[in-house]
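K.L.:
If you scroll down you'll find the structure; I have some questions about it.
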Amino acid sequence: MHRTVFVWDDAYLDYSFPGDHPFKSFRESRAKKYMEERGFFHHMDMRRPDPDDESILLNVHSRDYVDFVKTKSQEGEGLLDYGDTPAFKGVFESALRRVMGSVTGIRLLAQGYDHAVNLGGGLHHAQWGSASGFCVFNDVAIAAKEGEKFFRRIAIVDVDGHHGDGTQALLYDDSNVLKISLHMYHRGFFPGTGEINEIGTGRGKGYTVNVPLPPGTADDAYIYAFDNVVIPLLDRFQPEAIIIQEGGDSHFDDPLVELKLSTRGYLALIKRIHDLAHRGTGKILLLGGGGYNYDATARVWTVSVAELLGLDDQEVESLHDCCLTSSSAYIMERVKQVVEEVKKVHGI
């Protein structure tokens, strides 16, 4: 059996924006409850994140921005960006704790675990000098930078409904990290980046891959894109560790995104990455991310962890949507066109 560790701290639950803000930590606590009810923790270890290390934030964020968040955290009011990410009392500490969870996860892979899970991570929008899209610090990029101490080649596969713009920008010139993002894309949709021609710069040119998908992309078209872009690129790159950003907002019931993945579609993606990883080192760090239908997101994460644990599918059957979803003929044709463009740009 592959060794898996679940990184968790109850302080994660403090990272939950007030009022009617859509980002709530209820998602993580519900996923953990689903796992407890099904005996997952008989099959994996649980670890708390390593002690907080503020300096690790400076690997991808400016000193001025880190100090700004600390000040706003003490004040407990104001904004950390242009409007999506409000400050609250303790936001600095709770955001840093989640970062440390992802950093701890990549360290534990280097120490012998095959898989690490940090559902508190996946905050992929935060930039060098600002918060963005509910994300205060970019744990995905920070974990990748930490991972470069131990692994020569790291791949990030981001299946959040929104483009991982912060991760892309922070690692845009990095050739040791292959960054692949599948996301919904159309004019006016947040964050407005993630076009096919965004491929990296300098030594990192060609190591940023974007698969912009139209609204209405369901399991069949999404898996087609995954099989024709992600799998051959991972095969070619041969990563020693894979970081999965598994935002739950690509689910068909999400209120903010119009993609149509089901739990079964998500599981198909995780199975493919899991199988491919074990042709090599087998090292996977699974992170959370977006997801604004809280129960759907918790179910997505739970069935994905079951796959990493090698549990029988029947253990989580009650959490699944009824069936795979289907795209219209028009959407399938559009996705195929996107795939052909991506293949041409990246020489697949």
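K.L.:
In segment 83-101, what residues are without any contact (Cβ under 8 Å) to a residue 40 or more places away in the chain and open to solvent by 70 Å² or more (accessible area, probe 1.4 Å)?
P.N.:
89 - this is the single residue of segment 83-101 that is without any contact (Cβ under 8 Å) to a residue 40 or more places away in the chain and open to solvent by 70 Å² or more (accessible area, probe 1.4 Å).
Rundown of residues vs (1) aromatic (Phe, Trp, Tyr); (2) touching a strand residue (DSSP E or B) at 6+ places or on another chain (Cβ under 6 Å); (3) modelled with pLDDT of 95 or more; (4) over 18 Å from residue 60 (Cα atoms), yes/no style:
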position	(1), (2), (3), (4)
123	no, yes, yes, no
145	no, no, yes, no
152	no, no, yes, yes
176	no, no, yes, no
179	no, yes, yes, no
214	no, no, yes, yes
217	no, no, yes, yes
228	no, no, yes, yes
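K.L.:
Name the residue, out of 342, 316, 303, that is in contact with a strand residue (DSSP E or B) (Cβ under 7 Å, 6 or more places away or on another chain), of a type in the set (Val, Ile, Thr) and in contact (Cβ under 8 Å) with a residue 24 or more places away in the chain.
P.N.:
Numbers: 316 fails: in contact with a strand residue (DSSP E or B) (Cβ under 7 Å, 6 or more places away or on another chain); 303 fails: in contact with a strand residue (DSSP E or B) (Cβ under 7 Å, 6 or more places away or on another chain).
Exactly one residue qualifies, and that residue is 342.
K.L.:
With the condition kept exactly as written, say whether any residue in segment 4-21 is in a loop (DSSP other than H, G, I, E, B), of a type outside the set (Phe, Trp, Tyr) and within 24 Å of residue 143 (Cα to Cα).
P.N.:
Of all residues in segment 4-21, those in a loop (DSSP other than H, G, I, E, B) come to 8-9, 15-21.
Pick out the ones that are also of a type outside the set (Phe, Trp, Tyr) and you get 9, 16, 18-21.
Among the residues that remain, those that are also within 24 Å of residue 143 (Cα to Cα) are: 9, 16.
There is at least one residue in segment 4-21 that is in a loop (DSSP other than H, G, I, E, B), of a type outside the set (Phe, Trp, Tyr) and within 24 Å of residue 143 (Cα to Cα).
K.L.:
Considering only segment 313-321, I want to know if a residue exists there that is closer than 21 Å to residue 214 by Cα, open to solvent by 10 Å² or more (accessible area, probe 1.4 Å) and not acidic (Asp, Glu). Please lay out each step first, then the result.
P.N.:
Keep residues of segment 313-321 that are closer than 21 Å to residue 214 by Cα, which gives none.
Scanning segment 313-321 turns up no residue that is closer than 21 Å to residue 214 by Cα, open to solvent by 10 Å² or more (accessible area, probe 1.4 Å) and not acidic (Asp, Glu).
K.L.:
Still on this structure: For segment 102-146, how many residues are in a loop (DSSP other than H, G, I, E, B), of a type in the set (A, V, I, L, M, F, W, C), open to solvent by less than 10 Å² (accessible area, probe 1.4 Å) and farther than 21 Å from residue 32 by Cβ?
P.N.:
Here is the first cut: in segment 102-146, the residues in a loop (DSSP other than H, G, I, E, B) are 111-114, 119-131, 133-134, 136-138.
Adding the requirement that they be of a type in the set (A, V, I, L, M, F, W, C) leaves 119, 123, 126, 128, 131, 134, 136-137.
From what is left, the residues that are open to solvent by less than 10 Å² (accessible area, probe 1.4 Å) are 119, 123, 126, 131, 136-137.
Applying the additional criterion that residues be farther than 21 Å from residue 32 by Cβ yields 126, 131, 136-137.
Residues flagged as in a loop (DSSP other than H, G, I, E, B), of a type in the set (A, V, I, L, M, F, W, C), open to solvent by less than 10 Å² (accessible area, probe 1.4 Å) and farther than 21 Å from residue 32 by Cβ within segment 102-146 amount to 4.
K.L.:
Determine whether residue 41 is over 21 Å from the mean Cα position of the chain (by Cα), part of a helix (DSSP H, G or I) and within 28 Å of residue 311 (Cβ to Cβ). Write out each step before concluding.
P.N.:
On the way: over 21 Å from the mean Cα position of the chain (by Cα): yes; part of a helix (DSSP H, G or I): yes; within 28 Å of residue 311 (Cβ to Cβ): yes.
So residue 41 passes the test.
K.L.:
Let me ask another. Of the numbered conditions (1) touching a strand residue (DSSP E or B) at 6+ places or on another chain (Cβ under 7 Å); (2) open to solvent by 60 Å² or more (accessible area, probe 1.4 Å), residue 63 satisfies every one except a single condition; which is it?
P.N.:
Here residue 63 meets the rest and fails (1).
K.L.:
Go through segment 1-10 and report how many residues are open to solvent by less than 30 Å² (accessible area, probe 1.4 Å), of a type in the set (A, V, I, L, M, F, W, C) and out of contact with any Pro (no Cβ under 7 Å at 6 or more places or on another chain). Talk me through it step by step, then tell me what you get.
P.N.:
The first filter runs over segment 1-10 and keeps only residues open to solvent by less than 30 Å² (accessible area, probe 1.4 Å), leaving 4-9.
Going one step further and asking which of them are of a type in the set (A, V, I, L, M, F, W, C), we end up with 5-8.
Filter again for out of contact with any Pro (no Cβ under 7 Å at 6 or more places or on another chain), leaving 5-6, 8.
Summing the residues that are open to solvent by less than 30 Å² (accessible area, probe 1.4 Å), of a type in the set (A, V, I, L, M, F, W, C) and out of contact with any Pro (no Cβ under 7 Å at 6 or more places or on another chain) in segment 1-10 gives 3.
K.L.:
Does at least one position in segment 236-258 carry a residue that is open to solvent by 60 Å² or more (accessible area, probe 1.4 Å) and assigned to a helix (DSSP H, G or I)? Please lay out each step first, then the result.
P.N.:
The initial filter retains those residues of segment 236-258 that are open to solvent by 60 Å² or more (accessible area, probe 1.4 Å), namely 236, 238, 252-253, 255-256, 258.
Now restrict to residues that are assigned to a helix (DSSP H, G or I): 236.
For segment 236-258, residues open to solvent by 60 Å² or more (accessible area, probe 1.4 Å) and assigned to a helix (DSSP H, G or I): present.
K.L.:
Out of all the residues in segment 200-216, which are within 15 Å of residue 183 (Cα to Cα) and over 19 Å from the mean Cα position of the chain (by Cα)? First the steps, then the outcome.
P.N.:
Residues of segment 200-216 that are within 15 Å of residue 183 (Cα to Cα), as a first pass: 208-216.
Answer for segment 200-216, where residues must be within 15 Å of residue 183 (Cα to Cα) and over 19 Å from the mean Cα position of the chain (by Cα): 214, 215, 216.
K.L.:
Okay, next question. Of the conditions (1) aromatic (Phe, Trp, Tyr); (2) surrounded by 21 or more Cβ atoms within 10 Å (Cβ to Cβ); (3) under 22 Å from residue 333 (Cα atoms), residue 224 satisfies every one except a single condition; which number is it?
P.N.:
For residue 224, the exception is condition (2).
The values are calculated or read from the model by the stated rules, or taken from the named source; none is laboratory data. Model, not experiment: these values are computed from the prediction. Methodologically, a virtual Cβ is constructed for each residue, glycine included, from the backbone with ideal geometry; neighbour enumeration extends over all protein chains shown. Surface areas here come from the heavy atoms of the whole protein model, side chains and all, with no ligands, DNA or RNA. Shrake-Rupley method; radii C 1.70, N 1.55, O 1.52, S 1.80 Å.
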